[in-house]
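Enquirer: Structure below; questions to follow.
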Amino acid sequence: MLLLLLLLLASTGDGQAQRVAGKKKNDVCACEVNSTMWSFPVVKYEAVLQQVETCEGSLNNLQEQVQLSHERLPQIEAVIKNVTARLEPHQYLHDQGLYTALSLRMLGQELSQLETDVSDIHSQLNNAQTQKLSKEVGKLRTNVDRMQVADIINMKSVKATLRYLKNSVESCKSIPKDFRGQHRYCLKGLITNISEPVVTKVTPYGKSYISGSWGKQANMESEGQKNSYWVQTLLNKHIWGNTLRLYQTYEDFIASVNHKDFTFAPSYIHANTIEGPSAVLYGEALYYHCYRSADVCRYDLKSNTVKRVTLPGIGVGFNNKFPYCYYDCRTHSDVDVEADETGLWAIYATLGNHGNLVVSRLAWDNEAETLNVSQTWETRLFKKAVSNAFMVCGVLYATRYVDEYREEVFYAFDTATGKDDSSLALPLEKVAKGVASLSYNPTNKQIYMYNDGYLLAFQAHF
């Protein structure tokens with residue numbers, strides 16, 4: 001019998017190799033191995049295997065992150081390049097001080113105009129208020145002169161003071177020499193409550209037309225049209241319109257019968273086309289925002305003619321630059337024309353006032369047949385933080401979105417004093433989410449809402 005030696009390298013408990021002798025039997029090599037002498041390191045093997053799998057997973061994650069970073073790197077570089085380009089105009093702050101010669105010169109020009117206005121007002125009225133204004137303007141001039149030589153005056157506070165003084169001058173212009181008896185309807189303070197809807201009706205064009213304006217004749221002195229109601233719906237893309245529908249009585253309006261349509265522009269892209277939900281019927285004319293411009297138009301219902309005036313301010317917003325927003329933006333609601341006990345108003349925003357609300361008083365000259373802007377006030381309320389606005393007795397009221405069925409009047413700016421109040425909380429119910437327009441009517445103290453194709457009216461209480 002041939003003895004064969006077979007070396008079996010087996011790991012034992014002490015890590016030593018064992019030599020085992022084998023025998024040839026029936027052409028088969030056989031050997032006996034005592035398995036108790038060694039054991040396979042199963043526990044260590046499984047631990048190592050788990051570590052290998054963990055390393056493979058970590059490596060895969062790392063490779064994915066590297067790949068993702070590689071893909072996003074061009075985007076990050078583009079953002080950095082864009083931010084750098086936007087900051088470049090302000091690089092002068094590092095070595096040229098806080099104010100540029102251009103901004104100071106523009107500020108000086110505004111102040112010079114204010115000094116002229118105050119001087120004119122003071123020469124006409126010469127009372128305690130105009131004397132106070134003169135002193136405050138003189139103090140502001142001193143601060144601006146100091147800014148020419150040292151960066152020690154805050155530009156923001158100077159501009160805020162300038163805005164306050166300009167508003168005070170505009171308010172002085174509003175005070176007639178004989179105040180007693182003037183605007184007797186307005187001696188009642190701010191609105192204290194607004195009723196539930198007293199009128200709810202679908203627009204005569206159908207509720208799919210979600211943008212427009214409506215109301216009652218707003219001129220308190222109007223005789224021929226004093227009971228008439230009107231609807232102006234934006235029939236083209238909820239942005240543009242060229243027709244006005246007029247009802248002679250409230251009953252006709254409710255029943256949608258006996259109406260008369262006026263066409264004030266031959267197409268939706270004409271210069272006289274209305275843009276945005278902005279109209280108001282005042283006397284024998286419809287006032288509205290003109291197509292793609294900073295102008296307010298006046299359409300005469302009798303003569304079928306259109307006159308216009310350009311709104312004052314640096315960079316007047318139009319073509320959807322400063323629409324009403326808050327929750328959802330109402331497209332192309334840049335310029336809002338309103339009426340109250342004191343006359344006609346335009347509400348808008350300008351780049352010069354940093355996108356904040358601006359209020360201008362409009363005046364129609366019957367003799368010259370011209371539309372003019374007589375006064376302008378600047379507020380601190382950002383227009384895109386407002387869902388809509390309206391005027392009552394020279395006071396600007398602004399609303400904000402609360403939920404799908406409620407708006408809230410939260411802000412008031414008094415043009416008579418130049419002061420504002422942001423503590424109001426007057427609820428306005430609605431039947432749909434969006435508000436295209438809000439208009440107050442001085443003849444019956446009602447507020448008219450164009451609510452996504454629904455026409456709502458509310459009673460205002462003072």
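The values are calculated or read from the model by the stated rules, or taken from the named source; none is laboratory data. This structure is a prediction, so every number in the text was calculated from the model and none was measured. Cβ: placed from backbone, ideal geometry, glycine included. Neighbour counts: every protein chain shown. Surface areas here come from the heavy atoms of the whole protein model, side chains and all, with no ligands, DNA or RNA. Shrake-Rupley method; radii C 1.70, N 1.55, O 1.52, S 1.80 Å.
Enquirer: Residue check, residue 261 against (1) in a strand (DSSP E or B); (2) surrounded by 15 or more Cβ atoms within 10 Å (Cβ to Cβ); (3) of a type outside the set (Ser, Thr, Tyr), all met but one. Which one?
Expert: Of (1) in a strand (DSSP E or B); (2) surrounded by 15 or more Cβ atoms within 10 Å (Cβ to Cβ); (3) of a type outside the set (Ser, Thr, Tyr), only one is false for residue 261: (2).
Enquirer: Can you find even one residue in segment 357-370 that is touching a residue at least 40 places away in the same chain (Cβ under 8 Å), in a helix (DSSP H, G or I) and farther than 19 Å from residue 191 by Cα?
Expert: No, there is no match, as no residue in segment 357-370 is touching a residue at least 40 places away in the same chain (Cβ under 8 Å), in a helix (DSSP H, G or I) and farther than 19 Å from residue 191 by Cα.
Enquirer: For the condition of a type in the set (Asp, Glu), out of contact with any strand residue (DSSP E or B) (no Cβ under 8 Å at 6 or more places or on another chain) and surrounded by fewer than 18 Cβ atoms within 10 Å (Cβ to Cβ), what is the one hit in 403, 414, 421? Break it down stepwise before answering.
Expert: Working: 414 fails: out of contact with any strand residue (DSSP E or B) (no Cβ under 8 Å at 6 or more places or on another chain); 421 fails: out of contact with any strand residue (DSSP E or B) (no Cβ under 8 Å at 6 or more places or on another chain).
Only one candidate qualifies: 403.
Enquirer: If we scan segment 311-334, do we find a residue that is more than 30 Å from residue 381 (Cα to Cα), part of a loop (DSSP other than H, G, I, E, B) and open to solvent by 20 Å² or more (accessible area, probe 1.4 Å)? If you could, list the steps in order and put the result at the bottom.
Expert: Here is the first cut: in segment 311-334, the ones more than 30 Å from residue 381 (Cα to Cα) are none.
The answer is no; no qualifying residue exists.
Enquirer: Here is a list of conditions, (1) within 18 Å of residue 260 (Cα to Cα); (2) in a loop (DSSP other than H, G, I, E, B), and residue 209 meets all of them except one; can you say which number that is?
Expert: Exception for residue 209: condition (1).
Enquirer: Could you please let me know if residue 326 is of a type outside the set (S, T, N, Q) and under 20 Å from residue 339 (Cα atoms)?
Expert: On the way: of a type outside the set (S, T, N, Q): yes; under 20 Å from residue 339 (Cα atoms): no.
Spelling it out, it is not the case that residue 326 is of a type outside the set (S, T, N, Q) and under 20 Å from residue 339 (Cα atoms).
Enquirer: When the residues of segment 435-454 are narrowed to those that are aliphatic (A, V, I, L, M) and farther than 22 Å from residue 220 by Cβ, which ends up surrounded by the most Cβ atoms within 10 Å (Cβ to Cβ)?
Expert: Step one: list which residues in segment 435-454 are aliphatic (A, V, I, L, M), which gives 435-436, 438, 447, 449.
Applying the additional criterion that residues be farther than 22 Å from residue 220 by Cβ yields 435-436.
Details: 435: 25, 436: 28.
Here the answer is 436.
Enquirer: Which of the residues spanning segment 377-394 are open to solvent by 10 Å² or more (accessible area, probe 1.4 Å) and more than 19 Å from the chain's Cα centre (by Cα)?
Expert: 393
Enquirer: Which of the numbered conditions does residue 298 fail, given that it passes all the others? Conditions: (1) crowded, with 17+ Cβ neighbours inside 10 Å; (2) farther than 28 Å from residue 228 by Cα.
Expert: Among (1) crowded, with 17+ Cβ neighbours inside 10 Å; (2) farther than 28 Å from residue 228 by Cα, residue 298 violates only (2).
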